[in-house]
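Bear in mind that the values in this text are calculations on the coordinates, not laboratory data. Keep in mind the model is a prediction, meaning the values are calculated, not measured. Don't worry about glycine lacking a Cβ; one is built from the backbone with ideal geometry, like all the others, and counts go over all protein chains shown.
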Amino acid sequence: MISRRRLGALALSGSLVSSLGSVARAQASSVRIGYQKYGTLVLMKEKGFLERILTPKGISVHWAQFPAGPPMLQAMASGAVDIGQTGDLPPIFAQATMPDSFVYFGHETRNGSSEAIIVPENSPIRSVRELKGKRVAVTHGSDAHWLLLGALLRNGLTWQDIAVSYLLPAAGRPAFEAGTVDAWAIWNPYLTGAGQNVRVLATGEDVGGGTEFYLARREFVTENRDLLHLVISAIEQCDQWASGNKAEVAAILARSTGLDITVVTASVARIDYAFHNNSPSMVQSQKRIAQAVVDAGLLPSVPDIAQAAPTI
């Protein structure tokens, strides 16, 4: 019998496929998907791509919405979520604090303008450099966390040059509106929800765009490889549909986020809906971000990204 520890090692070495063949396990009768208000998984849920594949096989699909990537990955680590989608930084922090809880199984490009560092329109702050000594709100471990750090570094500042208030979006907005923070690093739909009377200091485009990662609970992958392949097939079908139906995509995302349809339409037009497998370049990109986070003193060491990105 192959031990769970041995199964984990096999997954890391990329030989999971051949080794699992000799292990008799019952395939899961359900899959639990964690999603946010904006992204491909919203489209999958709305259009039923996953249900059309899994329901005939007797597998049910359960959806759970999260306000940000970090709490979604915490739920995954606790065993409450099987599949999820987040940006660059959440899995780096999650791997550092909850090792072996998940694996990457694919990624897509993201529209970098969907996240930004903003200040009130009447603020005297007009550049990232002028954030020195100011208080900035951001969600810990989120994409916006990396946006804020990356923007500071590109403008000759360090993390220690600002005061940080770690707030989830629901708390960040009232703090921003009340003026208890000078700036807010945030993503859509909360970015657009902040209103028109704001000034953008930097967007995700200024720190290299961004990536949306598909992540799965490690034990789920170990025990349900065939099921994971069905999930990937549904994602690919959804992406193919989205690429040719961007007007409907924009309508769906406008409903899910409450954003103005013209804003969403412009954002969707810049998104390349295409699923990509794990790759060496993806691993290197995550390592680069992780190293910057470590250098800033936000993590003690760079997690082993390759260990969490097996061949699927």
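General observations
- Remark: segment 112-207 carries a charge dipole of roughly 220 debye about the Cα centre, counting +1 on each Lys and Arg Cβ and -1 on each Asp and Glu Cβ.
- A Förster radius of 25 Å, combined with the Cβ-Cβ distance separating Ser29 from Thr311, puts the computed FRET efficiency at roughly 0.40.
- If you run the Gaussian network model on the chain, springs between alpha carbon atoms under 10 Å, then out of Pro124, Pro71, Pro169 the most flexible one is Pro124.
- Mean residue ellipticity, 222 nm, helices only, the chain: the sum of -39500 (n - 2.57) across DSSP H runs of n ≥ 4, divided by residue count and rounded to 500, is -12500 deg cm²/dmol.
- Using the Cβ-Cβ distance between Ala80 and Asn277 with R0 set to 25 Å, the FRET efficiency from 1/(1 + (r/R0)^6) comes to roughly 0.45.
- Estimated inter-spin distance, Asp226 and Arg199, nm [label 7 Å along Cα→Cβ]: 6.0 nm
- Charge-dipole axis of segment 112-207 as Lys and Arg at +1 and Asp and Glu at -1 on Cβ define it, positive-most pick from Trp146, Pro189, Gly112: Trp146
- Computed FRET value (nearest 0.05) for Met98 with Ala247, which takes r as the C-beta separation and R₀ as 35 Å: 0.30
- Mean projected area (nm²) of the alpha-carbon convex hull when segment 156-240 is viewed from all directions: 9.1 nm²
- Principal-axis tilt of helix 280-295 within the chain, Cα atoms, nearest 10 degrees: 50 degrees
- Spin-label zone in segment 283-312 - amide nitrogen under 20 Å from a point set 7 Å from the Cα of His140 along the C-beta vector: 290-303
- Residue-count net charge about Ser281 - beta-carbon cut-off 11 Å; Lys, Arg +1, Asp, Glu -1: +2
- Listed values (i) 55, 50, 36; (ii) 65, 44, 29; (iii) 54, 45, 44, entry calculated as Cα extents along the principal axes in Å: (ii)
- Equivalent ellipsoid, segment 112-207 (semi-axes from 5 times Cα gyration tensor eigenvalues, Å): 17, 14, 13
- Amide hydrogen neighbours beyond the local backbone of Phe102, cut-off 5 Å, H modeled: Arg218
- Set Lys37/Lys132; Lys47/Lys246; Lys134/Lys287 screened for pairs whose C-alpha atoms are more than 25 Å apart: Lys37/Lys132; Lys134/Lys287
- Spin-label proximity, Ala296 to segment 61-80 - amide N less than 17 Å from point 7 Å beyond Cα toward beta carbon: 69-70
- Against the main long axis of the alpha-carbon atoms of the chain, helix 143-154 sits at an angle near 50°.
- C-alpha long axis of helix 4-13 to longest principal axis of the chain, angle in °: 70 degrees
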